[in-house]
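J.: The following block contains the structure, expressed as structure tokens.
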Amino acid sequence: MTKSTGSGGSGSRQLKVRVKTANRRKSGSTRWLQRQLNDPYVAKARELGYKSRAAFKLLELNEKYRLLKPGMRIVDLGCAPGGWLQVAAAATKSTDKTPRIVGIDYLETSPVPGCIILQKDFTDDDAPALLIEALEGYKADLVLSDMAAPTTGHKPTDHLRIVALVEMAADFATDVLAPGGTFVAKVFQGGTEHELLAMLKRQFTSTFHAKPPASRKDSAETYLVAKGFRN
Ligand SMILES: C[S@@+](CC[C@H](N)C(=O)[O-])C[C@H]1O[C@@H](n2cnc3c(N)ncnc32)[C@H](O)[C@@H]1O
């Protein structure tokens, strides 16, 4: 690894880090490491104690769409490593005594105060029932999904898997949301099917597509925000 200087601007001087592999060619993991080391959101997440840079995407979406309020009940689909859980728990003032946030991921998520975390695949048949059980009979005010299906490299397959996952999240949201509730999901350009959008437009009073500044420009991800669940 070599360091070369670069100016961070506005008084904050930042060093741009270059990572070289032995044969001078950059592998995918080297590129990933270089991007992480130079990403201001990664540095800010570390400084503020967030478990992921993704935390800023929810903070930015919240600033624009006013999603989070104290006392809300929230389900977070694909919650690991836990940045959105941290943001949601702080904004809703959820505590371990009365947790109002439920998260699920098939990867392990280290504990986040005020959150119930299930380690499970959301597509498992029993996952929706377990999430509903964790809500203790209450409806949710907000369902978040930052899930992304792992890619296979086969484009038509990847597309179908992405669409299927968002559809499952949307179906779940319409089962558990309280009237007036909100659904936020990561989708990929070309990944929001007309049928799904049409269904959401019928079930919610307003729908938006948003790309928060923290979402990398070279990523096809964008977020769908559906507000005002009609029940
Ligand atoms: C971009 S990460 C989420 C980051 C998270 N919002 C945060 O702030 O830390 C996407 C997550 O979705 C999870 N995921 C993808 N498919 C899933 C599934 N079928 N069931 C549960 N989790 C899933 C992945 O394991 C991954 O941890």
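No value in this document is a laboratory result; all are computed from the given coordinates. Treat the numbers as computed from the prediction; the structure is a model and nothing was measured. For neighbour counting, all protein chains shown are included, and Cβ atoms are generated from backbone atoms with ideal geometry for every residue, glycine included.
J.: If I stretch the segment between Asp39 and Lys217 completely, what's the gain in nm (0.36 nm per residue apart, minus their alpha carbon distance), one decimal?
T.: Answer, rounded to one decimal: 62.8 nm.
J.: If you don't mind, another one. Need one number: nm distance between label points at Ser29 and Asp96, each 7 Å from Cα along Cα→Cβ, rounded to one decimal.
T.: Using points 7 Å along Cα→Cβ, the separation is 3.6 nm.
J.: Lys/Arg Cβ at +1, Asp/Glu Cβ at -1, dipole of the chain taken about the Cα centre: which of Gly153, Tyr138, Gln203 is farthest positive-ward?
T.: Toward the positive end, the furthest listed residue is Gly153.
J.: I've got another one for you. Sort out for me the Cα centre separation of the range 152-197 from the range 56-115, rounded to whole Å.
T.: 20
J.: Of all DSSP beta bridges in the chain, what percent run antiparallel (nearest 5)?
T.: So the antiparallel bridges amount to about 45 percent of the total.
J.: Run the simple label-point estimate for Glu47 and Glu167 please: 7 Å along Cα→C-beta, distance reported in nm.
T.: Distance between the two pseudo-spin positions: 4.4 nm.
J.: For a quick check, take a GNM of the chain with Cα springs below 10 Å and name the residue from Asp218, Asp76, Asp175 with the largest mean-square fluctuation.
T.: Among Asp218, Asp76, Asp175, the largest GNM mean-square fluctuation belongs to Asp218.
J.: Could you tell me the largest-minus-smallest coordinate of the C-alpha atoms of the range 65-137 on each of the three principal axes, in descending order and whole angstroms?
T.: 31, 28, 26
J.: So what is the 222 nm mean residue ellipticity for the chain from helices alone, if each DSSP H run of at least 4 adds -39500 (n - 2.57) and you divide by all residues, rounding to the nearest 500 deg cm²/dmol?
T.: Calculated at 222 nm, the ellipticity per residue is -11000 deg cm²/dmol.
J.: For the chain, set up a Gaussian network in which alpha carbons nearer than 10 Å are linked by springs, and say which option among Ala140, Ala170, Ala148 fluctuates the most.
T.: Answer for the Gaussian network model of the chain: Ala148.
J.: Can you give me the P(r) profile for the range 110-226? Cα pairs, bins 5 angstrom wide beginning at 0, each as a whole percent.
T.: Computed distribution, short to long bins: 2, 10, 19, 22, 20, 16, 8, 2, 0.
J.: Would you please give the residues with an amide H less than 5 Å from that of Thr123, counting only those at least 5 places away or on a separate chain, with H modeled from the backbone geometry?
T.: Those lying under 5 Å, H to H, from Thr123: there are none.
J.: Further, regarding this structure: Residues with beta-carbon under 14 Å from that of Tyr138, excluding Tyr138: net charge, scoring Lys, Arg +1 and Asp, Glu -1?
T.: With Lys, Arg at +1 and Asp, Glu at -1, the net is -1.
J.: Test of understanding: extend the Cα→C-beta vector of His159 to 7 Å, then name every residue of the range 208-227 with backbone N under 18 Å from that spot.
T.: Taking a point 7 Å out along Cα→Cβ of His159, the residues of the range 208-227 whose backbone N falls under 18 Å are 220-222.
J.: Have a look at Pro179, Pro156, Pro81 and tell me which one the Gaussian network model of the chain (Cα, springs below 10 Å) gives the largest fluctuation.
T.: Pro156
J.: Placing +1 at every Lys and Arg Cβ and -1 at every Asp and Glu Cβ, with all other atoms neutral, what dipole size does the range 49-97 have around its Cα centre, in debye to the nearest 20?
T.: Dipole size: approximately 100 debye.
J.: Counting only complete DSSP H runs, which helices of the chain cover 30 Å or more along their long axis at the Cα atoms and score a mean Kyte-Doolittle of -1.0 or above?
T.: 155-176
J.: What base-10 log of the normalised intensity I(q)/I(0) is obtained for the chain from the Debye formula, alpha carbons as equal point scatterers, at q = 0.11, 0.13, 0.18 Å⁻¹?
T.: Log-scaled intensity ratios, in q order: -0.60, -0.82, -1.39.
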